[in-house]
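K.L.:
Here it is: the structure, laid out below.
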Amino acid sequence: MNRVTPALALCAVLVAALPAQAVGRPAPTASYGTKAPYAPQQDPRAYEKAPAGFTPVFTENVSRHGSRSATDGEDADLVLGLWDEADAAGQLTRGGTEFGPKVRALRTAMATVGYGNLSARGKREIQDTAVRMADRLPSLFDRIARNGEKIDVVSSGQGRAVDSADLYTGALADTDPALRPLIGATRTDKDLLYFHKAAGGAAYRDYIANDKRLADTLRSIQDQPKTHAAARSVLLRLFEPAFVDRLAAADQVAAARAVYNLYAIAPALSGESPDGRGWGMERYISRSDAAWFGYLSDAEDFYEKGPGFSDSDITYRMAGVLLDDFFRQIEAKKAGTSDLGAELRFTHAEEIIPLAALMGLPGSTTPATPGVPYTYENNPWRGANVAPLGSNIQWDVFRKGDRYLVRMLYNEKETPFKAPCHPIKKTSTFYDLDDLEHCFGRS
């Protein structure tokens with residue numbers, strides 16, 4: 001088979017790019033929140049081998065779309081409006097003088113890519129992830145090609161998810177042309193992969209729009225003296241004090257958050273920068289200020305999409321439809337009623353984050369006690385680790401006779417299922433399917 005194999009050395013470098021982080025000590029990429037670019041989390045040479053006699057018979061995943069442009073130009077417009085005023089008044093700092101043209105160029109690049117569309121980096125992330133999947137499971141894809149098994153592809157129907165599906169399956173087919181006719185056309189299932197906006201998310205949407213406790217908690221987190229101090233610090237890098245003093249406190253925070261948002265999205269568009277290596281936006285915001293605004297972004301995602309409050313599952317209950325589908329696909333394979341060799345799903349952070357909470361994946365196991373706000377010191381949840389751009393969850397199924405084992409990869413790292421699920425042995429990441437179904441209350 002003419003299969004493309006990624007260089008192991010490169011994979012090792014990418015793994016090192018997003019190191020694990022301890023509670024209270026954000027990883028270097030934590031300040032990007034869920035806009036952090038993707039990197040696989042395990043050296044491919046370190047995967048556990050399947051137990052003797054077990055061969056892969058099925059794989060399924062759910063992937064967030066790859067790195068993208070900002071969804072609109074509001075942040076750039078806000079910042080540039082202020083920049084133009086300060087420029088006309090002679091109120092720019094030396095760094096601020098450089099900043100305006102940089103933001104204009106970034107805004108042009110985002111508009112050229114298309115707001116919300118995949119960037120060059122995002123396209124490459126998705127394609128590389130597909131190639132690594134094929135490289136991890138060569139005998140499975142040999143089997144699929146040999147037996148004419150089907151590969152089903154489903155997305156949320158949103159443009160960047162559809163594009164990710166097409167890029168992923170195209171790269172997968174390039175590893176072996178015999179797979180191409182077996183890959184189905186990408187179909188849309190919003191109930192499954194856009195559930196926060198579908199019928200199953202009605203109660204969730206009411207919570208986001210009307211829950212007073214949520215609104216009060218987020219307000220208490222965001223409207224702190226440290227937020228106002230960080231906002232002023234951000235703006236003083238760009239504008240003279242007299243200009244910053246003219247802005248109301250709320251306007252200072254809004255402007256600083258816009259600067260942070262541009263900083264956070266810039267790595268996703270590194271391929272569109274003039275030299276193809278990045279925009280250098282980190283020069284215009286200190287690490288501590290970026291970390292603070294990154295925390296504020298994480299707090300919002302934590303309460304609106306993640307583990308949330310300890311006495312409620314409203315943020316992640318709706319992800320049950322996706323978890324159920326993972327089990328249904330395997331059960332159909334085991335029952336002999338499915339002709340699929342792979343099920344590939346493409347979605348968004350709004351689905352990955354609640355699914356991670358529902359499944360109890362690492363970093364998503366700890367909700368916040370009401371009255372005790374989420375902080376980096378008391379909770380391990382970090383958007384950059386839970387759902388970076390291109391994040392994915394994959395289950396691989398192995399068979400020996402009538403017995404089936406399941407292995408989970410989370411951002412391509414072998415990951416244990418939640419307690420009290422038990423692997424086949426203490427040091428393994430393989431789980432007996434029957435035991436796993438019992439653990440999740442399906443038997």
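The values are calculated or read from the model by the stated rules, or taken from the named source; none is laboratory data. Small disclaimer: the values here were computed from a predicted structure and weren't measured. When we count neighbours, we look across all protein chains shown, and the Cβ atoms used for this are built from the backbone with ideal geometry, even at glycine. Accessible surface areas use protein heavy atoms only, side chains included; no ligands, DNA or RNA. Shrake-Rupley method; radii C 1.70, N 1.55, O 1.52, S 1.80 Å.
K.L.:
For segment 46-62, which residues satisfy the criterion of being buried (at least 16 other Cβ atoms within 10 Å of the Cβ) and either among the aliphatic types (A, V, I, L, M) or in contact with a Cys (Cβ under 8 Å, 6 or more places away or on another chain) (or both)?
P.N.:
Within segment 46-62, Ala50, Val57, Val62 meet the criteria.
K.L.:
Right, next: Out of segment 85-129, which residues are of a type in the set (Val, Ile, Thr) and open to solvent by less than 70 Å² (accessible area, probe 1.4 Å)?
P.N.:
Hits for segment 85-129 are Thr93, Val103, Val113, Ile126, Thr129.
K.L.:
Going through Pro28, Pro19 one at a time, which residue ends up being more than 16 Å from Pro267 (Cα to Cα), open to solvent by 20 Å² or more (accessible area, probe 1.4 Å) and modelled with pLDDT under 95?
P.N.:
Checking each option against the conditions leaves just Pro19.
So that you can scan it fast, the table gives a plain yes or no per residue for (1) part of a loop (DSSP other than H, G, I, E, B); (2) of a type in the set (Asp, Glu); (3) out of contact with any helix residue (DSSP H, G or I) (no Cβ under 7 Å at 6 or more places or on another chain):
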residue: Val79; (1), (2), (3): no, no, no
residue: Ala105; (1), (2), (3): no, no, yes
residue: Asp128; (1), (2), (3): no, yes, yes
residue: Arg143; (1), (2), (3): no, no, yes
residue: Val153; (1), (2), (3): no, no, no
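K.L.:
Output the qualifying pairs, or none if there are none: Cβ atoms under 8 angstrom, residues six or more apart or on different chains, first residue in segment 414-431 and touching a residue at least 24 places away in the same chain (Cβ under 8 Å) and among the charged types (D, E, K, R), second residue part of a loop (DSSP other than H, G, I, E, B) and open to solvent by 60 Å² or more (accessible area, probe 1.4 Å).
P.N.:
What qualifies is Lys418/Thr365.
K.L.:
Which residue, of Ala178, Ala165, Ala161, Ala185, is over 18 Å from His348 (Cα atoms) and part of a helix (DSSP H, G or I)?
P.N.:
After applying the criteria, what remains is Ala178.
K.L.:
For the condition crowded, with 22+ Cβ neighbours inside 10 Å, in contact with a helix residue (DSSP H, G or I) (Cβ under 7 Å, 6 or more places away or on another chain) and on the phi < 0 side of the Ramachandran plot, what is the one hit in Ala258, Ala230, Ala291, Ala249?
P.N.:
Only one candidate passes the filter, namely Ala230.
K.L.:
Could you identify the single residue in Asp216, Asp275 that is surrounded by fewer than 18 Cβ atoms within 10 Å (Cβ to Cβ), at pLDDT below 95 and out of contact with any Asp or Glu (no Cβ under 8 Å at 6 or more places or on another chain)?
P.N.:
Asp275
K.L.:
Next question. Do you know which of the residues in segment 188-213 that are closer than 30 Å to Ala145 by Cα and in a helix (DSSP H, G or I) is most open to solvent (accessible area, probe 1.4 Å)?
P.N.:
Lys190
K.L.:
I would also like to ask the following. Within segment 342-387, restricting attention to residues that are among the polar types (S, T, N, Q) and open to solvent by less than 10 Å² (accessible area, probe 1.4 Å), which residue is nearest to the chain's Cα centre (by Cα)?
P.N.:
The extreme case among them is Thr347.
K.L.:
Condition check: part of a loop (DSSP other than H, G, I, E, B), over 24 Å from Ala178 (Cβ atoms) and either touching a Cys at 6+ places or on another chain (Cβ under 8 Å) or not hydrophobic (A, V, I, L, M, F, W, C) (or both). Does Thr71 satisfy that?
P.N.:
The answer is yes for Thr71.
K.L.:
Also, I was wondering about something else. Within segment 344-365, can one find any residue that is within 29 Å of Gly122 (Cβ to Cβ), in contact with a His (Cβ under 9 Å, 6 or more places away or on another chain) and β-branched (Val, Ile, Thr)?
P.N.:
Yes, there is a match, as at least one residue in segment 344-365 is within 29 Å of Gly122 (Cβ to Cβ), in contact with a His (Cβ under 9 Å, 6 or more places away or on another chain) and β-branched (Val, Ile, Thr).
K.L.:
If Pro274 satisfies all but one of (1) more than 22 Å from the chain's Cα centre (by Cα); (2) part of a helix (DSSP H, G or I), what's the number of the condition it fails?
P.N.:
Status for Pro274: all satisfied but (2).
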